[in-house]
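Take a look at the structure below.
The values are calculated or read from the model by the stated rules, or taken from the named source; none is laboratory data. Keep in mind it's a predicted model, so treat the numbers as computed, not measured. Cβ placement follows ideal geometry from the backbone for every residue including glycine, while neighbour counts extend to all protein chains displayed. In case anyone asks, the SASA skips ligands and DNA or RNA and just uses the protein heavy atoms, side chains included. Shrake-Rupley method; radii C 1.70, N 1.55, O 1.52, S 1.80 Å.
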Amino acid sequence: MVLIKGAQIIDGTGKPAYKADVLLRGDKISAIGAFPNKKADVVIDGLGLFLTPGFIDVNTDSDHYLSLFTEPYQKDFVRQGVTTIFGGHCGSSLAPLLYGGLESIRKWSDINQINVDWHSVGEFLKVLDRRGLGVNFGTLIGHSTLRRALIGEGLRDLTISDLEIFKKYINDSMKEGAFGISTGLSYAHSRQVPYSEIKELVQVVAEHKGVYATHLRNEKEGLLPAIYETLKVAEETGVETLISHFKPIYGYERDYQTALEIMTLANVHYDTYPFDTSVIPIYTLLPDWAQVGGFEVIRTYLTTPGTRENVVKAISATKGDEIGDIRIAQAPGFSHLIGKTIRELAENEGLSLPETLIKMILLTNFRAVVFYKNIALSLAIAGLMREQAMVSSNGASLPDDPDILKQERFYNTFPRFLEVVNSQKPISLEKAIKKITSDAARKFGLKQRGVIQSDNFADLTMFSFTPAGKMKVEFVFVNGEMAVKEGEARSSLSGTILRHNH
């Protein structure tokens with residue numbers, strides 16, 4: 001039994017903060033009130049600390065990076081107060097796998113790190129049950145993962161038979177606990193997927209009261225048509241919709257602001273983060289036409305004289321000098337590249353910026369991940385404060401490894417968000433906590449999470465602000481077990497593998 005005494009409680013509902021004691025018994029909140037004489041195994045003095053529900057990160061990549069397996073404690077999340085994460089975004093998930101292949105996550109990770117011993121969503125979740133995680137985890141169905149398994153690397157439309165099989169897999173996966181479906185419509189394998197296919201598949205998810213999360217078809221010159229397409233799906237199917245990592249890209253700020261106003265009128269949310277840097281697979285910097293056909297086909301584009309020259313010209317025309325500032329964050333097997341910019345590498349190699357980019361893509365076998373500073377930060381922060389916005393890291397918990405350069409949003413998204421709220425006060429702290437707790441729980445249909453009340457699960461975060469305005473996470477509980485103690489993450493595996501409608 002744990003007794004938290006005299007904390008300032010922000011309960012997740014948006015109501016004003018109040019001071020009280022909270023008693024935890026097992027994995028639940030047992031009582032809230034004043035317990036001056038109560039005995040407990042652990043007593044925490046909450047004086048000067050805020051006590052809130054554990055934060056919910058609605059868009060993460062720990063599955064894409066396979067760190068659900070390699071970093072099961074998920075310390076980068078619990079250290080920032082996050083107790084629940086969702087994966088399976090951008091069209092790629094770890095289940096269902098028709099043939100046991102993980103091709104759809106090759107852009108993020110070395111798929112040879114683990115042995116796959118599951119096919120269905122139900123089997124995948126049972127594997128995670130056995131292994132344990134430091135946070136609660138739920139997954140979406142990756143549209144591209146399932147589509148590529150059904151028809152291979154081809155980009156053709158689905159036949160009527162293909163579509164019926166696809167719908168059956170979605171139906172089964174939803175029954176087994178998936179929270180919905182995601183699409184990655186800007187990636188080569190999904191860029192030409194017709195609206196009719198998306199609507200048919202999303203309709204199945206809507207019937208299960210699940211979530212449709214989409215990486216938009218275009219975040220730049222085609223942003224507004226992509227938004228209208230998404231709103232049309234939401235309206236015609238009634239599905240809960242979440243636009244993934246929605247951000248103002250430099251040069252397209254006006255369209256971003258127009259899109260925000262359009263979404264105000266619709267029942268659609270978007271997730272985003274308070275940073276100016278995208279983290280992307282290096283090959284996605286190639287022109288769209290050169291990303292088609294899988295890595296083997298792309299390699300021929302980059303190594304065949306004539307075609308390679310066309311790629312160089314296209315990179316020069318579309319990206320120009322800006323690619324010089326792109327920094328390599330991960331390059332498995334090539335640790336000497338970590339932290340280097342394309343410009344630095346170009347100077348060392350005596351090559352042009354486009355030629356250097358192509359060389360790095362080939363050298364790292366398409367597996368490098370880069371930092372690309374392409375977001376208008378002030379607009380992104382303003383967008384984050386709107387009613388439709390949800391907070392996400394769009395990151396993964398990664399090991400502390402010199403061969404991995406972590407972008408700050410992977411480990412500091414939620415503290416940074418609350419620091420901005422606390423210092424600039426664009427919204428109240430109570431409203432900010434509601435956004436990252438009960439609002440997120442409601443979006444995904446989580447029961448007994450996201451609000452501090454008796455008989456809810458004891459997912460809790462305790463923090464303070466320093467005189468300089470920095471947020472300090474002091475204690476975190478995941479299902480009643482202490483995952484962070486006095487600012488230090490513990491090796492706890494108390495997370496629950498979540499299943500939709502369970």
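For this structure, a couple of remarks:
- Counted residue by residue at 0.36 nm each, then reduced by the alpha carbon distance between them, the extension gain from LEU47 to HIS336 reaches 99.3 nm.
- Members of LYS209/LYS425; LYS28/LYS406; LYS373/LYS425; LYS28/LYS443; LYS126/LYS167 lying beyond 28 Å, as alpha-carbon distances in this model show: LYS209/LYS425; LYS28/LYS406
- Solvent-accessible ranking of ASP439, ASP403, largest area first, probe 1.4 Å: ASP403, ASP439
- Relative to the current alpha-carbon distance between GLN453 and GLU221, full extension at 0.36 nm per residue lengthens the span by 78.9 nm.
- For ALA20, residues with placed amide H under 5 Å, excluding near neighbours: GLY6, ALA7, ILE9
- Anisotropy class of region 381-497 from Cα gyration tensor, a/c 1.5 cut: rounded
- Rounded to the nearest whole Hz, the Karplus-based 3J(HN,Hα) values (6.51 cos²θ - 1.76 cosθ + 1.60, θ = phi - 60°) of region 221-228 follow the sequence 5, x, 4, 5, x, 5, 5, 4, with x at glycine and proline.
- Alpha carbon centroid spacing (whole Å) that separates region 250-324 from region 6-51: 47 Å
- Equivalent-ellipsoid semi-axes for region 3-155 (Cα gyration tensor, √(5λ), whole Å, largest first): 41, 15, 12.
- Toward the positive end of the charge dipole of region 82-215, with +1 on the Cβ of Lys and Arg and -1 on the Cβ of Asp and Glu, the farthest Cα among ASN171, ALA95, THR139 is that of THR139.
- Computed from phi, the 3J(HN,Hα) profile of region 6-20 under the Karplus parametrisation 6.51, -1.76, 1.60 (θ = phi - 60°) reads x, 7, 8, 8, 10, 7, x, 8, x, 6, x, 5, 8, 9, 6 Hz, with x in place of Gly and Pro.
- Value of relative contact order over the chain, rounded to a whole percent, pairs C-alpha under 8 Å and six or more apart: 23 percent
- Accessible-area order (highest first, 1.4 angstrom probe) of the listed residues THR496, THR214: THR496, THR214
- The HN-Hα couplings worked out from phi for region 355-364 by the Karplus form 6.51 cos²θ - 1.76 cosθ + 1.60 (θ = phi - 60°) are 5, 5, 4, 4, 4, 5, 4, 6, 4, 8 Hz, whole numbers, x standing for Gly and Pro.
- Accessible area per residue was computed with a 1.4 Å probe on protein heavy atoms; LYS472 scores about 100 Å².
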